[in-house]
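The values are calculated or read from the model by the stated rules, or taken from the named source; none is laboratory data. Because the structure is predicted, anything quoted here is derived from the model rather than measured. Because the Cβ atoms are built from the backbone with ideal geometry, glycine has one as well, and the counts that use them run over all protein chains shown. Side chains included, ligands, DNA and RNA excluded: accessible areas come from the protein's heavy atoms. Shrake-Rupley method; radii C 1.70, N 1.55, O 1.52, S 1.80 Å.
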Amino acid sequence: MATSKRDSEHKVNSGGNRVVYSEFGTGTNSAALERSPASVPEIPPHQHNLKVQATRSGRKGKTVTVISGFQVKPETLELLVKQLKSQCGAGGTVKENTIEIQGDHRPKVMETLIKLGYKAKISGG
């Protein structure tokens, strides 16, 4: 008996209604889906304690400026990374509530964050 992928998304053992296998997200009471990015409380910029550091670990020797400590919604981070990228003249991205800007731009990033009202300090050497 051949079953398609759709048929195998919910497999139930023959003894009852206990789920043996379920694709992620198909369950009705998944605890992982309860905590969504929309539930993150957005706090004002002056209440953040941001850490700005330059790092090379895990990036094949390329220096990246990492800004961490944000407690904002993903949309706000996207707007902020766009502003920082244009200010530094470099590429960048948002990864897991941190912002990464290509290159060592700690002074420019600090200056921009302070102008926007964030509390930030340089971490590391």
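Observations, loosely collected:
- Residue match in the range 73-82 (condition: open to solvent by 30 Å² or more (accessible area, probe 1.4 Å), at negative phi and touching a Lys or Arg at 6+ places or on another chain (Cβ under 8 Å)): no
- Residue list for the range 112-125, restricted to those being in contact (Cβ under 8 Å) with a residue 12 or more places away in the chain and of a type in the set (Gly, Ala, Ser): Gly117, Ala120, Ser123, Gly124
- Residue in the range 104-116 that is surrounded by fewer than 16 Cβ atoms within 10 Å (Cβ to Cβ), assigned to a loop (DSSP other than H, G, I, E, B), touching a Leu at 6+ places or on another chain (Cβ under 9 Å) and not hydroxyl-bearing (Ser, Thr, Tyr) present: yes
- Only listed residue being more than 14 Å from the chain's Cα centre (by Cα) and free of Cβ contacts under 8 Å to residues at least 60 places away in the same chain, chosen from Val109, Val66, Val72, Val94: Val109
- Complete set of residues in the range 49-66 that are closer than 12 Å to Lys119 by Cβ and buried (at least 17 other Cβ atoms within 10 Å of the Cβ): Leu50, Val52
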